[in-house]
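The values are calculated or read from the model by the stated rules, or taken from the named source; none is laboratory data. Please read all numbers here as calculations on a predicted model, not as lab measurements. Just so you know, the surface numbers come from the protein's heavy atoms only, side chains and all, with ligands and any DNA or RNA stripped out. Shrake-Rupley method; radii C 1.70, N 1.55, O 1.52, S 1.80 Å.
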Amino acid sequence: MTPGAGTHAGNAPAAAELSDQWKRWIVDNAVAGVSVADIGTELVRRGLPPEQAADPLRLVGTDFLVEQVLRRERALRRKYEQLLGDLSKLDALSGTELPERHDLSGEEFFDSFYLRNRPVVLRGIAAGSGLLDWSPAALREQFGTLEVQVQTGRRAEPIWDVFLRGKTSTMSLADYVDLVLSAGETNEFYLTANENFLAHDHDQRILADVAFADALLDVDHRYQGTNLWLGPAGTISPLHRDRVNVLNVQTFGSKRITLIDSCQLPRVYNEQSYYSMVDVERPDLERFPDFAAVTVRSAVLQPGDAVFIPVNWWHHLRALQVSVSITFINFRLDNIFGNRTFEPD
């Protein structure tokens, strides 16, 4: 065993005489992942009788153990808050402008944005692509008889994807598109990634023309982790983060995206899953005062535009019109950070 930083020099005293320094040594090694058996072996090597060294944590005592674990956690939390505080200051100094590029090369994309964990709006990247032909009417014409699961009741919950998961209504895609086109502005229903709509495109017609992203995406895995989002004006994806890099392509209608650096974690009140409790459009600063210091960046996406959302960046989206978006995660570089992953061959 390699003892932790709290290693005590010399021999271990009898159990009844263990000093606080020795107790901290036991706790520090246990928290560092050293097995109880290895800790006991080291104590025996230092002179503690084997029968007493068999249960090192018992020697420490519950109250002392809890006190030391809390001490370590408080120290770690201070370091974590200092680090994120420094990063947040740098984020604020960089300004609120969201970078935009036209004709961005794959090399610049990966060097300047993907590998640096920075967002970018790619204006017109999909202009002229057949992907933009898939309007709600075209989807209805080709897939109208398909039954889909539509997330409903969204206005009743502030964090829909957490509390409404599995609370869906079944209808044909034709009926859903008619509902979307006639509803006006609402956040009551949405066809989201949870439906995995593109899995029904057995002939792979929807993504047949995505050559515009060949420099960014692995074309051999274009359907892996790719999702379609379809909803009326007013549909919202609340402020959240993803454990994966995402390329969000706007194919129909317009949508506003708001982005917040991942270093702002302590200020976005992340109390449920990967979601913030803050309504980024109307933040309640009495309830969430730390959010006032957050640096916010936003842009409006038009058909043919895309936005790169770096892993763990907070983002909020609102459809300004009837909207269709497609999200990709099959980048040419590794995209392995959480449960939803993609790794090129």
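Divide the volume of the convex hull of the Cα atoms of region 92-221 by its number of residues and quote the answer in cubic angstrom per residue. Display every interim value, and only then the final one.
Working: hull volume 22.1 nm³, N = 130.
Dividing the Cα hull volume of region 92-221 by its residue count gives 170 Å³.
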### Message
Compute the orientation-averaged projected area for region 144-268 from the convex hull of its Cα atoms and round it to one decimal in nm².
### Response
9.1 nm²
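Pull up the DSSP beta bridges for the chain and report the antiparallel fraction as a percent, rounded to 5. Could you put the intermediate results ahead of the total?
Working: 44 of 46 bridges.
Roughly 95 percent of the beta bridges in the chain run antiparallel, per DSSP.
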### Message
How large a share of the accessible area of the chain, in percent, is made up of carbon and sulfur atoms when the probe is 1.4 Å and the other protein chains stay in place?
### Response
48 percent
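Output needed for region 173-241: three equivalent-ellipsoid semi-axes, defined as square roots of 5 times the C-alpha gyration tensor eigenvalues, in descending order, whole Å. Mind showing how you got there, number by number?
On the way: eigenvalues 136, 48, 23 Å².
Computed over region 173-241, the values are 26, 15, 11 Å.
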### Query
Setting aside same-chain residues fewer than 8 positions from LYS79, which lysines have a Cα under 29 Å from its Cα?
LYS23, LYS89
### Query
What order do THR327, THR168 take when sorted by accessible area (1.4 Å probe), most exposed first?
THR168, THR327
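Pairs of alpha-carbon atoms within less than 8 angstrom and 6+ residues apart define the contacts here; what relative contact order does region 122-260 have, in percent? Numbers along the way, then the final one.
Working: 155 pairs, mean separation 44.1, N = 139.
Once divided by the residue count of region 122-260, the mean separation gives 32 percent.
I need the fraction of alpha carbon pairs in region 199-296 separated by more than 17 Å, rounded to a whole percent.
I get 63 percent for the Cα pairs in region 199-296 exceeding 17 Å.
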### Task
Provide Rg and Dmax in Å for region 29-120, with only Cα atoms included in the calculation.
24.4, 72
### Task
Mind checking the per residue accessible area of the chain for me, 1.4 Å probe, whole number of Å²?
49 Å²
### Query
Given region 259-313 reduced to its alpha-carbon atoms as identical point scatterers, what log10 I(q)/I(0) does the Debye formula return at q = 0.15, 0.19, 0.24, 0.27 Å⁻¹?
-0.48, -0.73, -1.02, -1.18
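Which semi-axes, in whole Å and largest first, does the equivalent ellipsoid of the chain have when worked out from the alpha carbon gyration tensor as the square roots of 5 times its eigenvalues?
Working: eigenvalues 499, 94, 93 Å².
Each semi-axis is the square root of five times an eigenvalue, giving 50, 22, 22 Å.
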